[in-house]
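Since the structure comes first, as C-alpha cells, the remarks are kept for the end.
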Amino acid sequence: MADSIYIELSMDHRRCDELFSAAENQVHRGDWIDAEKSLRDFLDATLRHFEVEETFLFPAFEARTGQAMGPTRIMHLEHQQMRVLFKDLGQDIERRDRGHYLGSSETLLTLLQQHNLKEEQVLYPLSDRALAGEVPELLQRMRAGGPPRP
Amino acid sequence: MATAALSLEQAPPISVPLRFFLTAPLFGITAALVLLALGTGAWTTRWSAGALAVTHLMTLGFLAMVMIGALMQMLPVVAGAPVARVRAVSRVVHVLLSLGTLALAGGFLSGKVPVLRLALVLLALAFIVFIGAAAGSLVRARAAAVTVRGMRYSVTALAVTVCMGLLLGSGLAWHWPLAVPELTALHLFWGLLGWVGLLVIGVGFQVVPMFQTTPPYPRIMTSHLTRLIFVTLLLWSPAKWFAGHSLLVHDSAATLASLLGLGYALFAAATLALQRRRRREMPDITVRFWRIGMASLLAGAVLGWAGLWESKAASTSLEFTWGILAIFGFGVSVINGMLYKIVPFLVWVHLQANPGGRGKLPNMKEIVPDRRAGIQFWLHLSALLLLAGAAWMPRLLAYPAAVALGSSNLFLWANLTGAYRLYARILASGISR
Ligand code: HEM
C-alpha cells in the first residue's frame, strides 16, 4: 500500500474510536474497574495521536503552505477543547458519576467525530498533496515518535 | 494552495443555523393548526387546498428550512468550502423562505391569486439566493468526498423541484393551461426522492458511521447509490411525462419508479442493519428517530410498488399514506433526530469560544436532557401513526392527528429554544462577571 497520511492517521482514528466506546459501554454497565483501564487506554492512544500531529504533521504542513493561521490552527484548538473534556471524564470516573460521564462522553464523541471528519475530508488529503515527496519520510518519523523538527 | 486558505475556516456564527432550526417547528405547529381548522376537509383528496397547504408548510417550512440551515453549517465542515457572505445570505433566505411559505399556504387556502403571486416571487428569490450561494461553495469543494457528491445532486434536484413548483404555481396564479398531474408527479419526485432523499443519503453515508458509531456502509453503495438514483430520476422524468402515449413508455416509467424505490429500500435496509451493529450500548435518541425514518422509507417503497402495479388508479388513502410516510415518516424523523445532535453541540461549541465559557460548562445532555428529547420522540411517533391512520379514517382520527402533530412540534420547539436560552444566559452571566 502506498504511503499516505490519510490512510495511516484515519486508521488510527478508528482504533481510538474502539477504545472510546469500550470505556463508555463499561461505564454504562457500571463496570467501573474495567472502565478505568479502558479510559486510560483511550487517552493514551488519543493523546499520542494528537502529539504526533502537533509535533510532525502540523509544522510540516504549515512550513510547506505558509499557513500558520489556516486549518492547522483550528485542529489545534479542537485538540485543546478535547483535552479539557478528557479531564472531565477522568473526574467523573473517580466520582463514579455515571450520568455526568455519559453526558461528557456524548459531547466528546461529537466533538471528536466532527474533528476527525474535517481531518479526513480536508486536512489529510491536502497534506498528502502538499507534502507529496516528504510523505514517506514524515510517516517514518511519526511512527518512530521523534526526533521533532528543529 | 489557494483552496487551503478557505478550508476549515471557523464555522459560521451560531445565529446562522439556529435561525432556521428554531423556525422549523413553528411551521410544524402552523401545519397542525391548519389541520385542526379544516378537520376532515383537509383529507378529501390530495389536491384539496388544505392538503397542498399542509404539504408545503412541512416540505418548505420544516424540511427545507432545516436542510438549508444545516447546509450553511456543514459546507465549510464537510466540504471545506464555506458559503460566501454567509450571514447576509442566511438572513435574506430565512426571511424570504418564511414569508414565501406562509404566503404559498395562504394562497392555496384562500384561493386568492395575488397572494399566490406574492408567494411565487418570494420563494423564487429565496431559492435563487440560496441555490446560488450553495452552488458557489459546492463548485469549489473537493469533488472526491461522497458527501459532497450527494450534496451536489441534492441541490441540483432542488433547483428542478423549485422550477416545476414555480411553474405549477404560475399555472394557478396566471391560469396557464398546464399538464398538472404529470408536472406534479415530476415536482414531488424531484423534491422528495431528489432534494430530500439524496441529501439524507449523502450525509448519512458520512454521519451514520461516525456519530451513530456503526461500521461503514458498503463501499459499492457509497460510491454508486446517489449517482444511480439521480440518473434514474433523469430517465424516469421523460418516461413519466409521455406515459400516456404508449403502453411501453408507461411501463418503462413504472419500472424506473420501482428502481427508485429499490434504491431507497437498499439504503434503509443497510442503515437499519448497520445500526444493529453500533458500538455504543447507550440508547441514542438520534438513532431512534432514524429507525422510524428508515422503517418509513421501507414501508413507502413497498406501498409505492404495490400502488404502481395496481391496475386501477391508487386510492386517495393510499396516496395520502405514501406522502405521509415520505414527508413526515422519513424526512421529518431523520431531520428531527439530527437536530438533537446538531443543536446541543453548536451551543456547546459556541459557549467554549465565548468569554462566558470559562468555568464549568454544561455538557450536551445538560443542554438538551434525554428525558425531554425522549418525550418528544413519543409524541412524534404518535403523530406519524395518527396521521397515517387519518388517511384511512379521517372522521375518527383527523383531530387527534392534528393535536399530536402540534404537540410534537411544540415540544421540539421548547427543547430547542431551551438550549438556546441556556446559551444566552451563560453568555450574559459571563459578560457581567
Ligand atoms: C418554490 C417552491 C415550491 C412551489 C412554488 C411549489 C408549488 C406547488 C404546487 C402549485 C403544487 C400543486 C400542483 C397543483 O395541484 O396544482 C405542488 C405540489 C406538491 N409539492 Fe410543491 N412547490 C414548491 C416546493 C416544493 C418542495 C421543495 C417540495 C418537497 C420537498 C414540494 C412537494 C410537493 C408535493 C409532495 C406536492 C404534491 C402534493 C399533493 O399531491 O397533494 N414542493 N407544489
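Coordinate-derived values only; no laboratory data. Just so you know, these numbers come straight off a predicted model, no measurement behind them. Glycine gets a Cβ as well: all are built from the backbone with ideal geometry, and neighbour counts include every protein chain shown.
Residues in the stretch A:117-139: is at least one within 24 Å of B:ILE285 (Cβ to Cβ) and buried (at least 18 other Cβ atoms within 10 Å of the Cβ)?
Yes, the stretch A:117-139 has at least one match.
Evaluate the following for A:THR55: is it in contact (Cβ under 8 Å) with a residue 60 or more places away in the chain, away from chain B (no Cβ under 12 Å), among the hydroxyl-bearing types (Ser, Thr, Tyr) and surrounded by fewer than 19 Cβ atoms within 10 Å (Cβ to Cβ)?
Considered against the rule, which asks whether it is in contact (Cβ under 8 Å) with a residue 60 or more places away in the chain, away from chain B (no Cβ under 12 Å), among the hydroxyl-bearing types (Ser, Thr, Tyr) and surrounded by fewer than 19 Cβ atoms within 10 Å (Cβ to Cβ), A:THR55 comes out as yes.
Of all residues in the stretch B:144-189, how many are within 20 Å of B:PRO238 (Cα to Cα), of a type in the set (S, T, N, Q) and buried (at least 23 other Cβ atoms within 10 Å of the Cβ)?
So the count comes out to 2.
Let's see how each residue does on (1) buried (at least 24 other Cβ atoms within 10 Å of the Cβ); (2) part of a helix (DSSP H, G or I):
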| residue | (1), (2) |
| --- | --- |
| B:PHE27 | yes, yes |
| B:LEU33 | no, yes |
| B:LEU36 | no, yes |
| B:THR40 | no, yes |
| B:ARG46 | no, no |
| B:GLY50 | no, yes |
| B:GLY61 | yes, yes |
| B:ALA64 | yes, yes |
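Just to be sure I understand the filter: pairs with C-beta atoms under 9 Å, separated by 6 or more residues or on different chains, first member in the stretch B:114-137 and within 14 Å of chain A (Cβ to nearest Cβ), second member more than 11 Å from the ligand (Cβ to nearest atom) and assigned to a helix (DSSP H, G or I). Which pairs pass?
Sorted first by the residue in the stretch B:114-137, then by its partner, the pairs are B:SER137/B:LEU71; B:SER137/B:LEU75; B:SER137/B:PRO76.
Quick check on the stretch B:319-330. Is at least one of its residues part of a helix (DSSP H, G or I) and surrounded by fewer than 16 Cβ atoms within 10 Å (Cβ to Cβ)?
No: the stretch B:319-330 contains no residue that is part of a helix (DSSP H, G or I) and surrounded by fewer than 16 Cβ atoms within 10 Å (Cβ to Cβ).
Filter the stretch B:66-99 for residues that are without any contact (Cβ under 8 Å) to a residue 60 or more places away in the chain and buried (at least 24 other Cβ atoms within 10 Å of the Cβ); which is nearest to the chain's Cα centre (by Cα)?
Step by step, filter the stretch B:66-99, then rank; the result is B:GLY69.
Given the conditions (1) within 8 Å of the ligand (Cβ to nearest atom); (2) of a type outside the set (Lys, Arg); (3) surrounded by fewer than 20 Cβ atoms within 10 Å (Cβ to Cβ); (4) within 17 Å of the chain's Cα centre (by Cα), and given that B:LEU192 satisfies all but one, which numbered condition is not satisfied?
Of everything listed in (1) within 8 Å of the ligand (Cβ to nearest atom); (2) of a type outside the set (Lys, Arg); (3) surrounded by fewer than 20 Cβ atoms within 10 Å (Cβ to Cβ); (4) within 17 Å of the chain's Cα centre (by Cα), B:LEU192 misses just condition (3).
Mind listing whichever residues of the stretch A:77-91 are crowded, with 16+ Cβ neighbours inside 10 Å and at the interface with another protein chain (Cβ under 10 Å from one of its Cβ atoms)?
A:GLU78, A:GLN81, A:LEU85, A:ASP88
Looking at the stretch A:9-49 only, could you name the residues that are within 12 Å of another protein chain (Cβ to nearest Cβ), part of a helix (DSSP H, G or I), acidic (Asp, Glu) and surrounded by fewer than 18 Cβ atoms within 10 Å (Cβ to Cβ)?
If the condition is that a residue be within 12 Å of another protein chain (Cβ to nearest Cβ), part of a helix (DSSP H, G or I), acidic (Asp, Glu) and surrounded by fewer than 18 Cβ atoms within 10 Å (Cβ to Cβ), then A:GLU18 is the only one that fits.
To keep it simple, each residue is scored yes or no on (1) in contact (Cβ under 8 Å) with a residue 24 or more places away in the chain; (2) of a type in the set (Gly, Ala, Ser).
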| residue | (1), (2) |
| --- | --- |
| A:ILE93 | yes, no |
| A:HIS100 | no, no |
| A:SER104 | no, yes |
| A:LEU111 | yes, no |
| A:GLN114 | no, no |
| A:GLN121 | no, no |
| A:LEU126 | yes, no |
| A:ALA130 | yes, yes |
| A:LEU139 | yes, no |
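In the stretch B:159-179, which residues are assigned to a helix (DSSP H, G or I) and more than 8 Å from the ligand (Cβ to nearest atom)?
Scanning the stretch B:159-179 gives B:ALA159, B:VAL160, B:CYS163, B:LEU167, B:SER170, B:ALA173, B:TRP174.
Taking the condition touching a residue at least 12 places away in the same chain (Cβ under 8 Å) and more than 16 Å from the ligand (Cβ to nearest atom), does B:LEU274 pass?
Answer is yes for this residue.
Hey, can you tell me all the residues within the stretch B:71-94 that are of a type in the set (Gly, Ala, Ser) and over 16 Å from B:GLY132 (Cα atoms)?
Selection gives B:ALA79, B:GLY80.
Restricting attention to the stretch A:59-76, which residues are of a type in the set (A, V, I, L, M) and within 8 Å of chain B (Cβ to nearest Cβ)?
The answer is A:ILE74, A:MET75.
In the list B:LEU125, B:LEU138, which residue meets the criterion of being within 15 Å of the ligand (Cβ to nearest atom) and part of a helix (DSSP H, G or I)?
B:LEU125
Can you tell me how many residues within the stretch B:74-94 are more than 14 Å from every other protein chain (Cβ to nearest Cβ) and not aliphatic (A, V, I, L, M)?
Number of matching residues: 5.
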